[in-house]
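Written below as structure tokens is the structure these notes are about.
The values are calculated or read from the model by the stated rules, or taken from the named source; none is laboratory data. Bear in mind that the values here come from a model prediction, so they are computed numbers and not experimental data. Glycine gets a Cβ as well: all are built from the backbone with ideal geometry, and neighbour counts include every protein chain shown.
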Amino acid sequence: MIEGIRAAAKAGFVAVECHWPFRYPTQTVLDVLIETGLPMVGLNTYPGNREQDEFGLCALPNKINEAREAIDQAIEYAAQIKTPNVHIMSGKVQSAIDPSLAMHTFHNNLSYASRIAEQYGINLLIEPINNIDVPGYFVGDMDIAVDIVKSLDLPNLKIMFDCFHIQKVHGELKKYIEQNLDLIEHIQISSFPERHEPDEGEIDYADLFSFLEKIGYDGYVGAEYNPRTTTDEGLAWLSSLSN
């Protein structure tokens, strides 16, 4: 990850984000962020045991203690490296679990996280992740995410809008962004239907960027994709979309 931050700066990115940086000492990360001048704008809570197919803990009724530990860890780490956003991963809820119990658990964990994060001026993000690629993920569409944010009405709870997932579940990216602009803190892009560089496929990102500017979106746009070949070979899109 450390060399990845340097590579991002060299390529012309103005910020970075990451999934789970916790194996790196915070001072090591902070040093390279200062060296490159890039802010780390977001990170995720620990996903749990990936070998047991866990992908987040915070809506799992049988993992409350582990979820709170993951929340504490992520917020403390974010505070130390001056990261303003923490993605609270809801997790994959098994069909045998009562959805209302999972929602109650997620609400309680988000409220807990909000109180801690507010002390550091950190935002919490929840991300709709489609249930085709990630079966059972609790926040499976934009409507669920919006309902959670509005129901809890926490001052620092927002939505991470991943265009790939929203396009796969809903389509109509402009509609969902404009309707929920005040709830969206961060946007991620990639091509669709393949999750490659954002210069191919169904989504016209030049047009979408013009739309974002028109409606007044002023947050970051992050690129989260699987390169067609190598990262360096696929970066031609950056200069064209940045213009």
Original post:
Taking the stretch 21-51 only, how many residues are in contact with a strand residue (DSSP E or B) (Cβ under 9 Å, 6 or more places away or on another chain) and farther than 15 Å from residue 82 by Cα?
Top reply: 4
Original post:
Residues in the stretch 154-177: is at least one without any contact (Cβ under 8 Å) to a residue 12 or more places away in the chain and touching a Pro at 6+ places or on another chain (Cβ under 7 Å)?
Top reply: no
Subject >> Residues that are among the hydroxyl-bearing types (Ser, Thr, Tyr) and either out of contact with any helix residue (DSSP H, G or I) (no Cβ under 8 Å at 6 or more places or on another chain) or farther than 15 Å from residue 160 by Cβ (or both), drawn from the stretch 42-83 >> reply: 46, 77
Subject >> Those residues of the stretch 124-153 which are farther than 22 Å from residue 97 by Cβ and surrounded by fewer than 17 Cβ atoms within 10 Å (Cβ to Cβ), in sequence order >> reply: 150, 153
Original post:
Just to be sure, is residue 139 part of a loop (DSSP other than H, G, I, E, B), among the β-branched types (Val, Ile, Thr), touching a Pro at 6+ places or on another chain (Cβ under 6 Å) and on the phi < 0 side of the Ramachandran plot?
Top reply: yes
Subject >> Every residue from the stretch 224-243 that is free of Cβ contacts under 8 Å to residues at least 60 places away in the same chain and of a type in the set (A, V, I, L, M, F, W, C) >> reply: 236, 237, 241
Subject >> Any pair with Cβ under 6 angstrom, 6 or more apart, that starts in the stretch 35-58 at a residue that is within 18 Å of residue 109 (Cβ to Cβ) and at pLDDT 95 or above and ends at one that is of a type in the set (Lys, Arg) and outside any strand (DSSP E or B) >> reply: 57/63
